[in-house]
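Let me begin by presenting the structure, written as structure tokens, before commenting on it.
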Amino acid sequence: MPSIPSMPLSSTSICLLALNGMMTTSLSLPLEMLTAASHMYRTMHRRGGSPALTVAGESLSQITTTGGLKILPDDCWENIGQAGVIFIPSFWRSPNLSASRREQLQAWLIAQHQGGARICATGSGVFLLAETGLLNDQPATTHWFYLDKLQREHPELMVKRHHLLTRSGNLYCAGSVNSIADLTIHLVEQLYDSAIAARIARQFSPEIRRRYSDQFYSLESSFPHQDETIVLAQQWLHEHYQDPVSMLTLAKKFSMSQRTLNRRFMNAIGLTPGQWLLRLRIEQARELLVSTNLDIGDIGLRCGFQDPGYFSRAFRKHMDTTPGHYRASVRNKLFSP
């Protein structure tokens, strides 16, 4: 993926939108991570120059989050000049804005995008970004519960159901609060350096964090190699991993023999297509074990494993633990005090 041109820290501003009905953590988590990065930078370099952080609301009046917390914005978004990064929070339902104010916010987002701002939308906040038209014919994702709704209401989007993060140019979509944390660490590395990003990653839930480069979808480059046919084959597998997949059928689909398909996969990523598909299915199973209460057998079926016994054996071989033990251990890290 092409790197984002670096911006001088002193001239970069970060705007976090605060709107009634938003989920608190979709604003507070990136805000705390970015604030920690700023403090680390000043401590390490003994100088200022960090991006300015602004919580911007519809007005200067306090807003109420889903959890009932009250937040007093620093400024109104209409008063914000050209921002470097904008965060759109997630909502329990939809932003509590009048039609006219919603249209004004969309116009402001469009103008900010045209000026070069990176816009990051979390969860259901992707719907607000989609309404601007900026995501038309672009990849997008949202929280798994809203994927069908997003596809239905915005058929013009390239909805990526199997990716937690998407990017097209300066537009980013994150499926969940955990995903926006991964994206924030990526932005910290772009705005500061890898050392500060690594410190932030260790400080904020290192046991559940996944690398941004492991889970994003980008129009510019979906996979870290240059064999375009294999990229297309990987994308096809991403879209069909839940179904029974024949490698012979896959080879014929891309007009090559199965032997040639295996060789080109090995040259591109060091795995056969069958091995790569198995890893993909295991990763999807891990995600469902953490984020849902689905029965383990149902998770196996949803991830393309027709035999529950084989699912358990394959998972244990790759993860050195059973699906049940993995769910218990990770949820203990996620939710225990």
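The values are calculated or read from the model by the stated rules, or taken from the named source; none is laboratory data. Because the structure is a prediction, the values reported are computed rather than measured. Note: ideal-geometry Cβ built from the backbone for every residue, glycine included; neighbour counts use all protein chains shown.
Just one of (1) over 26 Å from residue 245 (Cα atoms); (2) at pLDDT below 85 fails for residue 290. It is (1).
Pairs needed: first member in the range 228-241, modelled with pLDDT of 90 or more; second member anywhere, of a type in the set (S, T, N, Q) and part of a helix (DSSP H, G or I); C-beta distance under 9 Å; at least 6 residues apart or different chains. These pairs meet every condition: 230/267; 241/284.
If residue 320 satisfies every condition in (1) on the phi > 0 side of the Ramachandran plot; (2) modelled with pLDDT of 85 or more; (3) surrounded by fewer than 15 Cβ atoms within 10 Å (Cβ to Cβ) but one, which is the exception? If we test residue 320 against (1) on the phi > 0 side of the Ramachandran plot; (2) modelled with pLDDT of 85 or more; (3) surrounded by fewer than 15 Cβ atoms within 10 Å (Cβ to Cβ), just (2) comes out false.
The rows are residues; the columns are (1) charged (D, E, K, R); (2) buried (at least 24 other Cβ atoms within 10 Å of the Cβ); (3) in contact (Cβ under 8 Å) with a residue 60 or more places away in the chain.
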| position | (1), (2), (3) |
| --- | --- |
| 114 | no, no, no |
| 122 | no, yes, yes |
| 152 | yes, no, no |
| 172 | no, yes, no |
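Here residue 301 meets each of (1) touching a His at 6+ places or on another chain (Cβ under 7 Å); (2) more than 15 Å from residue 227 (Cα to Cα) with one exception, condition (1).
Of the residues examined, residue 301 is not one that is at pLDDT 90 or above, outside the structural domain of residue 177 (by TED's automatic domain parsing), within 23 Å of residue 158 (Cβ to Cβ) and assigned to a helix (DSSP H, G or I). The single residue among 329, 255 that is under 24 Å from the mean Cα position of the chain (by Cα), polar (S, T, N, Q) and loosely packed, with under 14 Cβ neighbours inside 10 Å turns out to be 329. The set of residues in the range 236-268 that are within 16 Å of residue 280 (Cα to Cα), in a loop (DSSP other than H, G, I, E, B) and not acidic (Asp, Glu) comprises 241, 242, 244, 245, 246.
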